[in-house]
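Read through the structure below, which is laid out as structure tokens, and then see the notes.
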Amino acid sequence: MLRLARVRRPATGAGAAVSSIRPTRPPPAPFTTTASTTDTSSSMAADPDGVAAEVATLLSRCTGDWKQVIAASDIPSRLSPAALSSLLRRCNSSPRLHPKLLLDFFYWSRTRLAPSAPAPDAFAHLAVSLCAAGLYPQANGLLDQMIRAYPTPPLVLSSVHRALSGSDQGRRPVVLDVLVDTYKKTGRVRDGAEVVLLMKDLGLAPSLRCCNGLLKDLLRADALDLLWKVRGFMEGAGISPDVYTYSTLIEAYCKVRDLESAKKVVEEMRETGCSLNVVTYNTLIGGLCRAGAIEEAFGYKKEMEDYGLVPDGFTYGAIINGLCKRGRPDQAKCLLDEMSCAGLMPNVVVYSTLIDGFMRQGNADEAFKIVKEMSAAGVQPNKITYDNLIRGLCKLGRMGRASRILKQMTKIGYMADTMTYNLVIEGHLRQHNKEEAFLLLNEMRKGGISPNVYTYSIIINGLCQIGESERASGLLEQMIADGLKPNAFVYAPLISGYCREGSFSLACETLKKMTRENLTPDLYCYNSLIIGLSNVGKMDEAIEYYDEMLEKGFQPNDFTYGGLIHGYSMAGNLEKAEQLLHQMLNSGLNPNDFIYAQILEGYFKSDNLEKVSSTLKSMLEKGLMPDNRLYGIVIHNLSSSGHMQAAVSVLSVIEKNGLVPDSLIYGSLISGFCKAADMEKAVGLLDEMAKKGIEPGISCYNALIDGFCKSDDISHARNIFNSIICKGLPPNCVTYTTLIDGYCKAGDIRDAIDLYNEMLTEGVAPDAFVYSVLAAGCSNSGDLQQALFITEEMIARGYAIISSFNTLVHGFCKRGKLQETVKFLHVMMDKDIVPSLLTVENIVIGLGEAGKLSEAHTIFVELQQKNASHRDTDHLSSLFTDMINQGLVPLDVIHNMIQSHCKQGYLDKALMLHDALVAKGSLVGCTSYLALLDGHCRKSKLIEALNFLKEMKEMDICPSEDQCMTLLNSLHSSGFIQEYNKVFDTMLSYQWLQKESKVCNSVCNSPESVNAE
């Protein structure tokens, strides 16, 4: 028998205060499943079911405010979580209480029982009752409290299942939908899917609407694994899909790029009689466009029109976006016009997409036309539109206009953010304009726009690209000081930059710094270092970092293997390169053409044609078909090394494999036959190209011209040149140089000069080789006038190199043209072109070939007489001395030069030659000594003169009396009396003269000699 609650009479005044307060629903508070520790001793001893019965009776009989009645009783002191649970389970017991009333009591009691919560079954019973009464929002709120108190989905579902037992709500009660929706609304969509999957064993199932919503939310959460399981559950539970189900499945398949399955879903819809709507078609069309299947997207657009469905803005927008992403903005523009004709107003997203498409194509003019068109249509550009314009202009290098757009954007109210500034900074750095990049960085900071990691990364990368890695390192430190944490994307360009600059120690230190800062280097960081070290042959260090990379769990990619294989191939270690190639293949990676090219180039350098053949065969066995580039490398190397039969056989393989040889391949073959002087086959290949419709490149014609020139068939070479002009193919520098060389070697220097002038008229800039060819031609012909013309041209165009001048000097000397040689040397020196040792050598060799070696000294004397600067003549004398030391100049030439220098008063140059002979151990002739003696006496250098006499005595060089008297008489007649007497006495003492001799007496009796004594 129910015990009536003991009602406490409220104190006077207090009751009035209570009755005036309108009870309100307390705010949600989390429950816990632990028992309350705040209950009094009486409440702990109270019977929960008895308390629940009292509350139920009071609530059923109360016609007024039940909260006041209960508050005035002792029930609050005896209320417990167990009692509340018992009350909530009494939904269908007598007295029957309305679920809403129970819910109100639940919220009223929770503030008094918190943090303890009722039992899960209590929640479930009340939730089922609320749903049965159609109070779905209230059931949702209650289940939210239940989920918070009991987070485990199986526990919640089992409680609901028990609450449903015996109810008449069928196999798919609404409470299940509300439960799943509650999980979704609280952000626990995976738990919601788990609850649905658990329903299978309990014989329960939510409604189709609930399943569709769950599938959609799982798709948004990228929980595709659960999506497919829920779809399987639906099939097992007999829940037939509708158009919304199918649309979600199509979208899911498109998301994972499984377009075939997406199309099969469409076919299934047709087979089951489920009508496709615009959303279904749009979903499939959008997926096809994202995957690049634009033509199929057009097909489904036409199909939906055939079914009487009208494409909407999304349909057109998806296809326009797909076309623009695939570089087809012109076609997208036609679709935009079609859209307008259909009465659909393109929105700013569609216009911005089209603008971006034209910008990506490099068609800025058309992009700006779209801007005008959208403004005319009343659609105003937004920030994304402006960003697309700025991005495109920056990629095109039109930085001035990009800056103006940035200002225009700011002026109309769209504030540039970090991303916008990053676009412009990156554009300036592409043009290596670091100054503007740093100005924008400062502008950002002043405007309160914080640079992000990407901002710093693009500037660091830009600086490293222009060889300023040290400055980039400083910017990295500034970035860290600003509170930003650099990632591997920031460090990788710095490592690569240091490697390009040869600062490998700094590159390695940067990698170590990343580790010290607990930042794991990524594969790109390691690749940058490995490739950099490999490029300069530091293979031991490269392998160390390769091993470290493997230890850290990184798997090598194409770039890793490519760098190492390139390094070993360059170093000639083909065995190691081949090992890496096999290792790469075993790891499942397919080497690209660049890697095979490195291997093949290495084999060609070692002349290992057998390995070349086996490598190509291995590629074919693995199903890797070499392309024209790779075959071109093989044919080029075979042709260059004279293996023409093998090169032609490779050409046959190319054609057998269904490839069409390009002009570069034919050019290599033609060049090879020309080098082999087989001009008939070379011309035959040109005819073969014409038959196959392959337009020969200029390199093919250049090879033919070179071949005919080397075959001394200059007229045929000229015919080939004329045919190029007739075909409208402009000759390049190589074409002109080759034919000019042919003319020069044939002795037709006039024709060579005419062709050179024609080259200039056609605007083809000559290079250094042209001038070396013309110099050789002038040298062979000995044409001073043309040589001087070529010299002026070389100097004017900045190609004045000493080797070309040496060639001309040699040619003039070879023909014995001494005056021309002297004049030409003067021109050289006037232009500050300093002669080299080879210049002097060419003079000596050339005169030797002309049989006029003894006149070599004449050239130097002539230079001195023509007032050449002391610097130039000293330089020539020094070079000549070097040749003497090398034994390249005959002694008679040296003696003639010594005597000539002494006669002209250039004692320092004469002494230089004398010293060179002495140092070399060669004997200085008597005539040269007497010339030195005379020269020093005339310079009043008596001590040096007497030393030469002493040197002659020591060397047993004894002049004749006639030679002695000639010298003495010359000194005497010139007034050098003191010198005369000293030399005379010395000669007497050396017994080169005898006092008894007639010559001696005549000298002694002279008045000057007597006076001197």
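The values are calculated or read from the model by the stated rules, or taken from the named source; none is laboratory data. What you see is a predicted model; the values in this text were computed from it and never measured. All Cβ positions, glycine included, derive from the backbone under ideal geometry; neighbour counts span all protein chains shown. With ligands, DNA and RNA removed, areas are computed over all heavy atoms of the protein, side chains included. Shrake-Rupley method; radii C 1.70, N 1.55, O 1.52, S 1.80 Å.
Quick check on K552: is it charged (D, E, K, R), under 19 Å from I495 (Cβ atoms) and in contact with a Gly (Cβ under 9 Å, 6 or more places away or on another chain)? No; evaluated as a whole, the condition is false for this residue. Look at (1) surrounded by fewer than 21 Cβ atoms within 10 Å (Cβ to Cβ); (2) over 30 Å from V160 (Cβ atoms); (3) among the aliphatic types (A, V, I, L, M); (4) out of contact with any Asp or Glu (no Cβ under 9 Å at 6 or more places or on another chain) and you find that A221 fails only one, number (2). Write out, first by first residue and then by second, each pair whose Cβ atoms fall under 8 Å of each other, whose residues are 6+ apart or on separate chains, and whose first residue, in the stretch 368-395, is among the aromatic types (F, W, Y) while the second is open to solvent by 40 Å² or more (accessible area, probe 1.4 Å). Close Cβ pairs (under 8 Å, with a partner that is open to solvent by 40 Å² or more (accessible area, probe 1.4 Å)) amount to Y386/Q408; Y386/Y414. Of the residues making up the stretch 564-599, those that are among the β-branched types (V, I, T) and within 23 Å of the chain's Cα centre (by Cα) are I565, I595. Criterion applied to G567, G672 was being open to solvent by less than 10 Å² (accessible area, probe 1.4 Å), under 30 Å from G537 (Cα atoms) and either among the aromatic types (F, W, Y) or assigned to a helix (DSSP H, G or I) (or both), and the one residue passing it is G567. For the stretch 433-459, the set of residues classified as in contact with a Pro (Cβ under 7 Å, 6 or more places away or on another chain) and over 16 Å from P493 (Cβ atoms) consists of L441, M444, listed by residue number. Scanning the stretch 291-311 for residues that are surrounded by fewer than 16 Cβ atoms within 10 Å (Cβ to Cβ) and of a type in the set (D, E) yields E295, E303, E305, D306. Looking at G667, G684, just one residue is within 23 Å of E655 (Cα to Cα), in a helix (DSSP H, G or I) and under 39 Å from the mean Cα position of the chain (by Cα), and that residue is G667.
Screening R257 against (1) in contact (Cβ under 8 Å) with a residue 12 or more places away in the chain; (2) part of a helix (DSSP H, G or I) leaves a single unmet condition, (2).
Tell me, which helices (runs of 4 or more DSSP H) lie completely within the stretch 153-232 with 2 or more residues that are modelled with pLDDT of 90 or more and polar (S, T, N, Q)? If you could, list the steps in order and put the result at the bottom.
Details: elements: 153-164, 174-185, 189-202, 208-220.
Where helices (runs of 4 or more DSSP H) fall fully within the stretch 153-232 and carry at least 2 residues being modelled with pLDDT of 90 or more and polar (S, T, N, Q), they are 153-164.
Listed by first and then second residue, the pairs with beta-carbon distance under 9 Å, at least 6 apart or on different chains, first residue in the stretch 299-311 and touching a residue at least 12 places away in the same chain (Cβ under 8 Å) and within 18 Å of G343 (Cα to Cα), second among the hydroxyl-bearing types (S, T, Y) and not in a loop (DSSP other than H, G, I, E, B), are K301/Y281; K301/T315; K301/Y316; M304/T280; M304/Y281; M304/T315; L309/Y281; P311/Y281. Within the stretch 237-251, the set of residues being in a helix (DSSP H, G or I) and either among the polar types (S, T, N, Q) or crowded, with 17+ Cβ neighbours inside 10 Å (or both) comprises Y244, T245, Y246, S247, T248, L249, I250, E251.
Within the stretch 172-190, the residues that satisfy the criterion of being farther than 22 Å from G134 by Cα and either surrounded by fewer than 19 Cβ atoms within 10 Å (Cβ to Cβ) or not assigned by the TED database to the domain that holds R220 (or both) are G187, R188, R190. Among the residues making up the stretch 459-478, those that are assigned to a helix (DSSP H, G or I) and charged (D, E, K, R) are E470, R471, E477. Based on this model, can you work out whether V924 counts as open to solvent by less than 50 Å² (accessible area, probe 1.4 Å), at pLDDT 80 or above and not in a helix (DSSP H, G or I)? When the stated conditions are applied, V924 passes them. Taken as a whole, the structure places P137 among residues that are free of Cβ contacts under 8 Å to residues at least 24 places away in the same chain and either assigned to a helix (DSSP H, G or I) or open to solvent by less than 40 Å² (accessible area, probe 1.4 Å) (or both). Is it fair to say A677 is modelled with pLDDT of 85 or more and surrounded by fewer than 18 Cβ atoms within 10 Å (Cβ to Cβ)? When the stated conditions are applied, A677 passes them.
For the stretch 502-528, how many residues are more than 20 Å from the chain's Cα centre (by Cα) and on the phi > 0 side of the Ramachandran plot? Qualifying residue count for the region: 1.
Looking only at the stretch 266-290, count every residue that is under 39 Å from the mean Cα position of the chain (by Cα) and either in contact (Cβ under 8 Å) with a residue 60 or more places away in the chain or open to solvent by less than 40 Å² (accessible area, probe 1.4 Å) (or both) and tell me the total. So the count comes out to 8. Kindly check whether there is at least one residue in the stretch 110-128 that is of a type in the set (S, T, Y), in a helix (DSSP H, G or I) and open to solvent by less than 40 Å² (accessible area, probe 1.4 Å). Scanning the stretch 110-128, I find no residue that is of a type in the set (S, T, Y), in a helix (DSSP H, G or I) and open to solvent by less than 40 Å² (accessible area, probe 1.4 Å), so the answer is no.
Criterion first (small (G, A, S) and modelled with pLDDT of 85 or more) does S970 satisfy it? Walk me through it before giving the result.
Numbers: small (G, A, S): yes; modelled with pLDDT of 85 or more: no.
Judged against the criteria, S970 is not a match.
Out of the helices (runs of 4 or more DSSP H) lying entirely within the stretch 348-432, which hold 2 or more residues that are in contact with a Pro (Cβ under 8 Å, 6 or more places away or on another chain) and open to solvent by 40 Å² or more (accessible area, probe 1.4 Å)? Correct list: 348-361, 364-376. Would you mind stating whether D387 is within 22 Å of Q431 (Cβ to Cβ) and within 26 Å of the chain's Cα centre (by Cα)? Considered against the rule, which asks whether it is within 22 Å of Q431 (Cβ to Cβ) and within 26 Å of the chain's Cα centre (by Cα), D387 comes out as yes.
If you check S613, S528, which single one turns out to be farther than 21 Å from V634 by Cβ and assigned to a helix (DSSP H, G or I)?
Result of the check over S613, S528: S528.
Answer yes or no: is there a residue in the stretch 536-553 that is crowded, with 17+ Cβ neighbours inside 10 Å and closer than 19 Å to F604 by Cα. Checked against the condition, which is being crowded, with 17+ Cβ neighbours inside 10 Å and closer than 19 Å to F604 by Cα, the stretch 536-553 yields no hits at all.
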